[in-house]
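Participant: I'd like to ask you about the structure that follows.
The values are calculated or read from the model by the stated rules, or taken from the named source; none is laboratory data. Worth saying up front: this structure is predicted, and the values here are computed from it rather than measured. All Cβ positions, glycine included, derive from the backbone under ideal geometry; neighbour counts span all protein chains shown. Calculation scope for accessible area: heavy atoms of the full protein, side chains included, ligands and nucleic acids excluded. Shrake-Rupley method; radii C 1.70, N 1.55, O 1.52, S 1.80 Å.
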Amino acid sequence: MLLALELLLSFLATVAVTFVTCTGSSSWMTDLSGIRENAGRWAESLGLNNSVFALVFFVAFFWLLRDFFKHFEARRGVIAAIPGFLFALMILFGKNILETDHFLANARVTLLCVLALLFPFTAAVDLLFRLFQSAASRTAPLTSSEIDHKKALKVFLIVWAVLFVVWIPSLLASYPGVYGYDSIFQINQYRYHTVNLHHPIAHTYLLGFFVITVGEWLHSYEAGMFCYSIFQMICFSASLSALYAFYIGRRAPKWLRVVVLILFAFFPLNPIMAFSSTKDILFSAFFALFALLFLLFLEKPERMRSIKMDVLFVATAFLIVVFRSQGGYIIVGTLLLTVLVFRRYWKNLLIMLGSLLALIMVYNGPVTKALGCTPVDSLKEMMSVPCVQLSRVALYHGDTIEPEQLDLIKEYIPSYEVYGVNAGISDQMKAVLNTDRLKENPLEFIKLYCSVGLKHPGAYVNAFLRITVGYWYPDTPYPDPAAYHPYWEYCSTGVMNGPFDQEAYLLLKQTPVKGFEWLYKIYVALTYHTVYRVVPVVSMLFSSGLPLWGVLFYTAYVFYRKQYRYLIVSLYLLLFYGTLFLGPVVLYRYIYPAVLCTPLLFACVFSLRDKGWEKQCQDTAEKEPYSGSQEDVKEIVYG
């Protein structure tokens, strides 16, 4: 009976995979009345349904499900089913929203495919649970007595230097760096002393100092930008070296450390981001370092009583807020929960939180005022999602709402019709949002938003899922035809996204150093021709949707191991995702902080121990004293 069930579930999962991998199948199945015609189109497609590779999937699913039922354990299976269900849901919703602009397309087909994929996803998560638990049982984080701090510092410095040196050819191929994104606007503010709070003022002054001030000293703005690229590469490579050190402290196998180091050094987006002039890079570095410090605190809460650690913790948190204003909500929300979880250390945590808030108040108050920075209307930045939702209803369902409501939407969002072309980005809709009227009568807007949403909840859901699809659907293709921004930028502003007035803006020339033109062409092909998409498996390294899957898996695994305090890191990352989901568009630089945190989560999951493992190790050591030398320990740890 069980064998028949496994065979049936494997077959259904294979059918679901052929549906998901068949381009256009969602649009074909929106109307089941044409099932005969649709089935013919499906059979004539180049999907897996009529391929020998479907047999490979069937066998793989059968082995996976057979292993799952063989080692079935109720609690683990139920917990694994939660991310398994979410993964299946994201796969189907993502495919549907991109192909049909409706997350359900055909509700019955979608539901059947979700249920069919639920079992293999659950079995895969369950298998990973067991593999990580087995690996953790064979390792344990280093104790203080086992760490050679001098050698640890030496390893950190060596990895730091290696990363920096390996990235130098990429910088020479991209000389003077990637002068893109909002840099030209920030530089103008610095040049004409009109700095406002739309961009982080710390980054505006930092970038302006290098490009303008240092550039004038060197008689070349390109040379100034090059100096900024060098500075940022130093900071960024140091942060990645610190993340790599976390693997050493977890006794990760040598092969795993090598893989992580290779990815840090040679994954092309790391050097590109390292010398990109956007504020998001330094923010990403500090964001990942803060997650690292949090994991160290969670591992040994007594570290919260270390003044050095507390100062480093507060300083990193402050830099996060300085380089991204939304970081304040993430940090404060995470720390408040930490106070509730670690009540024994509430005084230390409140002192850190109080110190952080004091620094933020001084920075946003006297410092900002002394620099003469002008405030800006930030309301539009908060209205991305409501703008696309109301625009969708007005454009596609305008005849089904009250004429007064349609007129109000037109008054609030005059350019709502652009949604039909740019459903994946809200910039052109929120840019013309009538904030004056909204501020005068906020209740009017709230009433409009709620009443329209109650009548068309599906349109609101579709609009939200469409603008955020890249954050949760790993198979999202880029460039997104419904968003005019490139996935990430490489060529300097004015080269690929011009024209810009050269008299009004400072445009820098990007000129590869002689001998490195070939690398420049590779980066252009990666960025603007997305050639990585033709390479299976490797293409997933560029996915903006995969990190969220990692966070969900980490959360489920921590819950399974009953290490509930580690859920604070999940909260930290989910709060970050909350800010992304309210944003205007999916860009790689926005998701980069979560990308950098993924190796940390993996290292934590790899070494997560059961409660009381320290005492078990101590008891074992008393019964069976370790006969090796301290040098043996160093060799195991540092290789």
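Participant: Please work out how much accessible surface Leu112 shows to a 1.4 Å probe, ignoring ligands, DNA and RNA, in Å² rounded to 10.
Facilitator: Accessible surface of Leu112 is approximately 120 Å².
Participant: Tally Lys/Arg at +1 and Asp/Glu at -1 over every other residue whose Cβ is under 13 Å from the Cβ of Met273; what's the total?
Facilitator: 0
Participant: With θ set to phi - 60°, apply the Karplus curve 6.51 cos²θ - 1.76 cosθ + 1.60 along region 91-100 and write out the HN-Hα couplings as whole Hz, x wherever there is a Gly or Pro.
Facilitator: Computed from phi, the couplings for region 91-100 are 4, 6, 4, x, 4, 5, 5, 7, 8, 10 Hz.
Participant: Counting only other residues whose beta carbon sits under 11 Å from that of Gly583, what net charge do I get with K and R as +1, D and E as -1?
Facilitator: Overall, the nearby charge balance is -1.
Participant: Would you mind checking which residues have amide H under 5 Å from Val178's amide H? H placed 1.01 Å from N; only 5 or more apart, or other chain.
Facilitator: Ser276, Ser277
Participant: Oh, and also: Tell me, in nm to one decimal, what length is gained between Asn50 and Lys300 on full extension, where the rule is 0.36 nm per residue of separation less the Cα-Cα distance?
Facilitator: Value of the extension gain: 84.5 nm.
Participant: For region 179-337, just say rounded, prolate or oblate: build the C-alpha gyration tensor, square-root its eigenvalues into a ≥ b ≥ c, call rounded for a/c under 1.5, and beyond that prolate if a/b exceeds b/c, oblate if not.
Facilitator: oblate
Participant: Right, here's the next one. Could you state the number of Å between the C-alpha centres of region 170-229 and region 66-115?
Facilitator: Computed from Cα coordinates, the inter-centre distance equals 46 Å.
Participant: If you place +1 on the Cβ of every Lys and Arg, -1 on the Cβ of every Asp and Glu, and leave all else neutral, what size is the dipole of region 185-281 about its Cα centre, to the nearest 20 Debye?
Facilitator: Computed about the Cα centre, the dipole is about 560 debye.
Participant: Where the convex hull is taken over the Cα atoms of region 234-303, what is its projected area averaged over directions, in nm²? Before the final figure, lay out the partial values.
Facilitator: Details: hull surface 20.1 nm².
For the Cα atoms of region 234-303, the hull's average projected area reads 5.0 nm².
Participant: Among the chymotrypsin sites (Phe, Trp or Tyr not before Pro) within region 321-358, which fall in a DSSP loop and have no more than 14 other Cβ atoms within 10 Å of their own Cβ?
Facilitator: Passing sites in region 321-358 do not exist.
Participant: Could you pull out every one of the lysines with an alpha carbon less than 25 Å from that of Lys151, ignoring same-chain neighbours closer than 8 positions?
Facilitator: Filter leaves Lys254, Lys300, Lys308, Lys634.
Participant: Which percent of the Cα-Cα distances in region 524-609 go past 19 Å?
Facilitator: Percent of Cα pairs beyond 19 Å in region 524-609: 46.
Participant: Let me ask another. Can you tell me the length gained on complete extension of the stretch Leu127 to Ala315, counting 0.36 nm per residue apart and subtracting the Cα distance? List each step's numbers first, then the result.
Facilitator: Values: separation 188, 0.36 × 188 = 67.68 nm, distance 3.98 nm.
Gain on stretching Leu127 to Ala315: 63.7 nm.
Participant: Grab every C-alpha pair in region 198-250, bin the distances at 10 angstrom width from 0 up to the longest one, and report whole percents.
Facilitator: Spelled out per bin, shortest first, that is 25, 34, 24, 14, 3.
Participant: Here's a follow-up. Students often get this wrong, so check it: of Lys154/Lys369; Lys70/Lys562; Lys279/Lys509; Lys369/Lys430; Lys279/Lys430, which have C-alpha atoms separated by over 31 Å?
Facilitator: Cα-Cα > 31 Å for Lys154/Lys369; rest within.
Participant: Measuring with a 1.4 Å probe in the full set of protein chains, what accessible area per residue, in whole Å², belongs to the chain?
Facilitator: Normalised by residue count, the accessible surface of the chain is 46 Å².
Participant: Placing unit charges on C-beta atoms (Lys and Arg positive, Asp and Glu negative, everything else neutral), compute the dipole magnitude of the chain about its Cα centre in debye, rounded to 20.
Facilitator: Using only the charged Cβ atoms, the result is roughly 1940 debye.
Participant: On average, how much area does the Cα convex hull of the chain cover when viewed from any direction, in nm²? Provide the component values of the computation, followed by the final result.
Facilitator: Working: hull surface 135.5 nm².
Mean shadow area of the hull around the Cα atoms is 33.9 nm².
Participant: Now for a different question. Set the Förster distance to 30 Å, then compute FRET efficiency between Phe209 and Glu411 from the Cβ-Cβ distance, nearest 0.05.
Facilitator: Plugging the Cβ-Cβ distance into 1/(1 + (r/R0)^6) gives 0.10.
Participant: Shifting gears a bit: Write down, largest first, the equivalent ellipsoid semi-axes of region 365-407 in whole Å, where each equals the square root of 5 times an eigenvalue of the alpha-carbon gyration tensor.
Facilitator: The three semi-axes for region 365-407 are 39, 9, 6 Å.
Participant: Need one word for region 421-578: rounded, prolate or oblate. Basis is the Cα gyration tensor (sqrt eigenvalues a ≥ b ≥ c); a/c below 1.5 gives rounded, then a/b vs b/c decides.
Facilitator: oblate
Participant: Please turn the phi angles of region 577-583 into ³J(HN,Hα) values with the Karplus equation 6.51 cos²θ - 1.76 cosθ + 1.60 (θ = phi - 60°), one per residue in order, whole Hz, x for glycine and proline.
Facilitator: 5, x, 5, 5, 5, 9, x
Participant: When the chain is fully extended, how far beyond the present Cα-Cα distance does Lys455 get from Arg437, taking 0.36 nm per residue of separation?
Facilitator: Difference between extended and current length: 4.1 nm.
Participant: Would you work out which of Thr511, Val531, Tyr577 lies farthest towards the positive end of the dipole of the chain? Charges go on Cβ: Lys and Arg +1, Asp and Glu -1.
Facilitator: Most positive-ward Cα: Tyr577.
Participant: Carbon and sulfur: what percent of the chain's accessible surface (1.4 Å probe)?
Facilitator: Answer for the chain: carbon and sulfur cover 67 percent of the accessible area.
Participant: In a shell of Cβ-Cβ distance under 14 Å around Val114, excluding Val114 itself, what net charge do Lys and Arg (+1) and Asp and Glu (-1) give?
Facilitator: +2
Participant: Take peptides 159-171, 443-455 and line them up by average Cβ neighbours within 10 Å, highest first, as a rough protection proxy.
Facilitator: 159-171, 443-455
Participant: Pull up all non-local amide H partners of Asn196: gap of 5 or more, or a different chain, and H-to-H distance under 5 Å with H placed in the peptide plane.
Facilitator: So Asn196 has HN proximity to Thr374.
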